[in-house]
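Data block below; observations after.
Readers should treat all values here as calculations from the given coordinates under stated rules, not as data from a laboratory. Predicted model only: the values in this text are computed from it and were never measured. Cβ placement follows ideal geometry from the backbone for every residue including glycine, while neighbour counts extend to all protein chains displayed.
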Amino acid sequence: MNGLENEVRFINLQGKTNITGTTAVIREADLILSNDTATVHIAEALDKRVLALFGPTHESFGFRPHLNKNKTASVQISCRPCSGTGKDKCSQPSLLCMEKISVSRVLDEVLEMLESL
């Protein structure tokens with residue numbers, strides 16, 4: 001790879017903090033990987049790099065990151081978008097729109113974004 005793999009740390013804080021704590025963590029981060037639009041917008045307000053994952057909703061709805069340095073990852077499948085907020089029940093047996101965003105694609109995007117810091 002590129003030498004960054006030993007320096008990259010990921011922290012999963014799902015359900016473990018509130019908005020104040022989340023903002024404090026984002027302030028210290030080099031890059032935010034999230035599917036939560038609030039997290040994405042807080043990160044952008046703090047001028048952080050962001051990779052936003054989009055599944056049931058769609059970037060064109062306006063919830064995507066807006067700074068040029070930031071990116072989104074999604075896949076085009078026939079049932080997407082299924083919801084304006086992502087809260088509707090999925091018509092598929094599983095969330096294919098999220099599952100089809102490959103881990104290797106996300107890792108490649110993250111490493112590329114970190115290299116450009």
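Contact order, relative form, for the chain: 22 percent (alpha carbon pairs under 8 Å, 6 or more residues apart, mean separation divided by residue count). Please work out the C-alpha center-to-center distance from the range 8-68 to the range 90-117 and express it in whole Å. Each part's Cα centre sits 14 Å from the other's. Each of S116 and C79 was given a label point 7 Å from its Cα along the Cα-to-Cβ line. The distance between the two points is 3.3 nm. The listed peptides 68-74, 48-54, ordered by packing as a protection proxy, come out as 48-54, 68-74 (highest mean of other Cβ atoms within 10 Å first). Counting helices only, and only those DSSP H runs with n ≥ 4, report the 222 nm mean residue ellipticity of the chain as the sum of -39,500 (n - 2.57) divided by its residues, in deg cm²/dmol to the nearest 500. Here the helix-only value at 222 nm equals -8500 deg cm²/dmol.
Based on the mean of other beta carbon atoms within 10 Å per residue, what is the order of 21-28, 58-65, most packed first?
Ranked from most to least packed, the peptides come out as 58-65, 21-28.
Each label was represented as a point 7 Å from its Cα along the Cα-to-Cβ direction; for A24 and D88 these points are 3.9 nm apart.
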